[in-house]
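The values are calculated or read from the model by the stated rules, or taken from the named source; none is laboratory data. Just so we're clear, the structure is a prediction, and the values are computed from it rather than from any experiment. Note that each Cβ is placed from the backbone with ideal geometry, even for glycine, and that neighbours are counted across all protein chains shown. For the accessible areas, the whole protein counts, side chains as well, though only heavy atoms, and no ligand, DNA or RNA atoms are used. Shrake-Rupley method; radii C 1.70, N 1.55, O 1.52, S 1.80 Å.
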Amino acid sequence: MEFALLGWPEAGATLRLDFREFSYAGKFVMSNTGKAVARDSEGTRAAVPRADADIERPDPGSEDDPFERDIVAAAAFNEDRTDPGVLWIRYITTRHDRRGEGIGARLAAFVAERAAERGYRRCRIAVNNPYAYHALYKAGFVFTGRETGLAELVLERPGQRDAATYQCGLDTFRTAEERELSDEERAFLDRHEGDGAPGLVPVPDEGDSRAPPEP
């Protein structure tokens, strides 16, 4: 696995991600955000799910495939409009067949570390589901107690990691009447009730090809 910073917002980097394999694929075509990726050129690749209105398309990874071939996760980020000391991660997406491996959390930690090296005081992200919340805690982010106008929970790094703050965010998902949680999400929240903040994932270096430790 290789982690790479493709450029900060001013570099105008773009990515062509297959919408059948990545959520938010269209957001990465935009050139007004910085980009970072995790690559795995040797990993296996599951069959691409067909969209309802899909047309005949080249096989992923073939010479005729117009999309990025070896990317398994991508992040897009930009500077806060009112505070130049804050970098916001706007989107993180992991290829559908590689979800659950902790790649997104490691990529978030990678971006936050690069942001700190560049001089940003804070790195922030907003999440709308308990799975992403838990994953971002593994990347070293903590709940700020604030929400966006879209009812997303705002997390930032660095911050004080403790059980009370971690559970405060989970309680926000549990108790907000406007949130329509799935049975799986409610079961996830039940499993983590009373838990402390989860352990941290290792922060990858640029070009890091080491496998993550066994969970």
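Here segment 14-35 is the region considered, the condition is being in contact with a helix residue (DSSP H, G or I) (Cβ under 9 Å, 6 or more places away or on another chain) and of a type in the set (A, V, I, L, M), and the residue that is nearest to LEU87 (Cα to Cα) is LEU15.
Yes or no, residue by residue, for (1) over 27 Å from THR33 (Cβ atoms); (2) of a type in the set (Asp, Glu):
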{"residue": "CYS123", "(1), (2)": "no, no"}
{"residue": "ALA126", "(1), (2)": "no, no"}
{"residue": "THR148", "(1), (2)": "no, no"}
{"residue": "VAL154", "(1), (2)": "no, no"}
{"residue": "ALA163", "(1), (2)": "yes, no"}
{"residue": "ASP190", "(1), (2)": "yes, yes"}
{"residue": "ASP195", "(1), (2)": "yes, yes"}
{"residue": "PRO202", "(1), (2)": "no, no"}
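Annotation: of all residues in segment 140-185 being open to solvent by 60 Å² or more (accessible area, probe 1.4 Å), in contact (Cβ under 8 Å) with a residue 12 or more places away in the chain and among the acidic types (Asp, Glu), the one that is farthest from PHE77 (Cα to Cα) is GLU178. Within segment 100-108, one or more residues are touching a Cys at 6+ places or on another chain (Cβ under 9 Å) and either assigned to a helix (DSSP H, G or I) or under 17 Å from ALA4 (Cα atoms) (or both). Right, ALA176: modelled with pLDDT of 95 or more, over 20 Å from ALA105 (Cα atoms) and more than 20 Å from the chain's Cα centre (by Cα) or not? Criteria not met by ALA176. Taking segment 128-139 as the search range and keeping residues that are open to solvent by 10 Å² or more (accessible area, probe 1.4 Å) and within 16 Å of TRP88 (Cβ to Cβ), which one is modelled with the lowest pLDDT? Here the answer is ASN128. Filtering GLY85, GLY104 for residues that are surrounded by fewer than 19 Cβ atoms within 10 Å (Cβ to Cβ) and among the small types (Gly, Ala, Ser) leaves a single hit, GLY85. When PRO9 is tested against (1) within 14 Å of PHE77 (Cβ to Cβ); (2) within 16 Å of the chain's Cα centre (by Cα); (3) not acidic (Asp, Glu), just one condition goes unmet, and that condition is (2). Set side by side, the residues ARG122, ARG16, ARG118, ARG90 differ, and just one is of a type in the set (D, E, K, R) and either open to solvent by less than 30 Å² (accessible area, probe 1.4 Å) or at pLDDT below 95 (or both), which is ARG16.
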